[in-house]
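Since the structure comes first, as structure tokens, the remarks are kept for the end.
The values are calculated or read from the model by the stated rules, or taken from the named source; none is laboratory data. Just so it is clear, the structure is predicted and the values come from calculations on it, not from any experiment. Don't worry about glycine lacking a Cβ; one is built from the backbone with ideal geometry, like all the others, and counts go over all protein chains shown. Protein only, heavy atoms only, side chains kept; ligands, DNA and RNA dropped before computing areas. Shrake-Rupley method; radii C 1.70, N 1.55, O 1.52, S 1.80 Å.
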Amino acid sequence: MEIVRIGLDLAKTVFEVHGVNAKDEVVLKKTLRRDAVTQYFADLPPCIVGMEACSGSHYWAKVFADLGHEVRLISPQFVTPYVKSNKNDRNDAEAICEAIGRPSMRFVPVKSAEQLEIQAVHRIRQRLVSDRTRLVNQIRGLLAEHGLVVARDISRIRRALAQIADGVDHILGALLVELARDVREELIELDQRIATYTKRIRELFRSNEMCQRIGRIEGIGPITATALVAAIGDRTCFKNGRQFAAWLGLVPKQLSSGGRSRLFGISKRGDRYLRTLLIHGARAVLRKSAGKTDARSVWIERMRDRRHPNVVAVALANKNARIVWAVLSGRTEYQPAFTG
């Protein structure tokens, strides 16, 4: 009985395999240790191998693709409805096998090694920025307990810590002054590390032709461009720009029934980091659009006259996402004259 589809539940050491034939009859149930997985799939004839998109999935996708198999990565949320009875590794493998066989199922693009490297730089930088934000919020709260209130602007806390370290502020006790000096040193170190990763991202941006093309779009700089290129594996998995924008969570959430359409705010599905970068880039464009006569600025000003600035920013982020898909999928150059 020829195996046509396999569901593989990934783990650190123990992998569960579930295979079916062309009639969807179960012909394979097997448990494999990690060191035996590659050889086992090398001995199998080419078939469809499905896995949940999780840690290590892109590595195994490359291994199986090199062995001649067709690999499909699926979001875990789409596997859950197919899990029968209790959840365990064997039932998960069976559910994956069933889910990847659905004709209308959506799959996660498989990333290349270069994309994973770019994404790793972004993930580490993002973690450092979060660490800095937590540090600043913590010291602001501690200083507020002693009557020293500092505005949320990070430059204000830098100046406040410098004054405390220099002994300008006499309100605080000796112990808190010492702690403030430690926090200031930690903040300086985080600033330097973030700057280092930002420099790496700019170098990646300059060396990547796709990043250069979408970086010409207003509101998309080196950080956003490299993050988008790292996130989009196979651009053909999106039929159009709207599907790409929906994947980023930049389209309205819908709750319609009985022929009545009900639309709400944006769905906020997908990668929050990418969506945040696009919206912040759109806000930067809004601040500089006043008084300009190009088609895009005129469109922005007309939108601003009748809608809230936040709505305009999201609408521009949606437009930019569609333009990014058009530029990358068609391998064309960005033409500002046609984006109004």
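Compared with the dominant principal axis of the Cα atoms in the chain, helix 113-144 is inclined by about 40°. Couplings 3J(HN,Hα) for segment 31-36, derived from phi with the Karplus relation 6.51 cos²θ - 1.76 cosθ + 1.60 (θ = phi - 60°), are 10, 10, 7, 4, 6, 9 Hz, where x marks Gly and Pro.
Sorted on the mean count of surrounding Cβ atoms within 10 Å across their residues, most packed first, peptides 20-26, 161-167 read 161-167, 20-26. Against the chain, whose longest principal axis is taken from its Cα atoms, helix 174-207 shows a tilt of about 50°. Consider a paramagnetic label point 7 Å from the Cα of Glu333 along Cα→Cβ; state which residues of segment 189-231 have an amide N under 16 Å from it. Those under the cut-off are 209-218.
Asp294 to Arg202: FRET efficiency via 1/(1 + (r/R0)^6), r the Cβ-Cβ distance, R0 25 Å, to the nearest 0.05?
On the way: r = 27 Å, r/R0 = 1.06.
Calculated transfer efficiency: 0.40.
Label sites at Arg242 and Ser112, each approximated as a point 7 angstrom past Cα along Cα to Cβ, lie 3.1 nm apart.
Hand me the tally of lysine pairs in segment 196-340: alpha carbons under 21 angstrom apart, and the pair either on different chains or 8 or more positions apart.
Details: Lys239/Lys253; Lys239/Lys268; Lys239/Lys319; Lys253/Lys268; Lys253/Lys319; Lys268/Lys319; Lys288/Lys319; Lys292/Lys319.
Close lysine pairs found across segment 196-340: 8.
Based solely on its DSSP helices, what 222 nm [θ] is calculated for the chain when runs of n ≥ 4 H residues each add -39,500 (n - 2.57) and the sum is averaged over all residues, nearest 500 deg cm²/dmol?
Using -39500 (n - 2.57) per qualifying helix, the result is -17500 deg cm²/dmol.
Between Ser256 and Ala22, the modelled labels are 4.0 nm apart [label points 7 Å from Cα along Cα→Cβ].
For Lys253, list long-range residues whose amide hydrogen, built 1.01 Å from N in the peptide plane, is under 5 Å from its own amide hydrogen. Here the answer is Phe264, Gly265, Ile266, Ser267, since their amide H atoms fall under 5 Å of that of Lys253.
I need the peptides 119-126, 278-285 ranked by packing, meaning the mean over residues of other C-beta atoms within 10 angstrom, with the highest value on top. Don't skip to the answer; put the middle values down first.
Details: 119-126: 16.5, 278-285: 20.1.
Per-residue mean Cβ counts within 10 Å order the peptides as 278-285, 119-126.
If you take the square roots of the eigenvalues of the alpha-carbon gyration tensor of segment 1-89 and sort them as a ≥ b ≥ c, do you get rounded (a/c under 1.5), prolate (a/b over b/c) or oblate? Rounded shape, in that the Cα axes give a/c under 1.5.
Distance between the 7 Å Cα→Cβ label points at Arg287 and Thr133: 1.7 nm.
Tell me, in nm to one decimal, what length is gained between Tyr40 and Thr80 on full extension, where the rule is 0.36 nm per residue of separation less the Cα-Cα distance? Intermediate values should be presented prior to the final figure.
Working: separation 40, 0.36 × 40 = 14.40 nm, distance 2.68 nm.
Residue separation times 0.36 nm, minus the Cα-Cα distance, leaves 11.7 nm.
If you plug the beta carbon distance of Ser104 and Leu175 into 1/(1 + (r/R0)^6) with R0 = 56 Å, you get a FRET efficiency near 0.35. Look at the Cα gyration tensor of segment 287-340: its axes a ≥ b ≥ c give a/c of at least 1.5 with a/b at or below b/c, and that counts as oblate.
Please compute the per residue accessible area over the chain with all protein chains in place, 1.4 Å probe, rounded to a whole number of Å². Let's see the in-between values first.
Details: 19250 Å² over 340 residues.
Normalised by residue count, the accessible surface of the chain is 57 Å².
Taking Cα centre as origin and charging only the Cβ of basic (Lys, Arg, +1) and acidic (Asp, Glu, -1) residues, the dipole magnitude of the chain rounds to 1560 debye.
How would segment 137-276 be classified by its alpha-carbon gyration tensor: rounded, prolate or oblate, with rounded meaning a/c under 1.5 and the a/b versus b/c comparison settling the rest?
Numbers: a/c = 4.31, a/b = 1.81, b/c = 2.38.
Oblate is the answer for segment 137-276, as a/c is 1.5 or above yet b/c matches or exceeds a/b.
Seen against the Cα atoms of the chain and their longest principal axis, helix 89-99 is set at about 80 degrees.
Note the per residue figure in Å³ for the convex hull of the C-alpha positions in segment 197-320.
On the way: hull volume 16.4 nm³, N = 124.
Enclosed volume per residue, from the Cα hull, is 132 Å³.
Leaving ligands, DNA and RNA out of it, report the carbon-plus-sulfur percent of the accessible area of segment 211-301 at a 1.4 Å probe. Percent of accessible area from carbon and sulfur atoms in segment 211-301: 51. Subtracting the Cα-Cα distance of Gln192 and Val168 from 0.36 nm times their residue separation leaves 6.1 nm of extension gain. Proximity of backbone amide H atoms, modeled 1.01 Å from N, is registered between Val108 and Leu73, Ile74, Ser75 at under 5 Å, excluding neighbours fewer than 5 places apart on the same chain.
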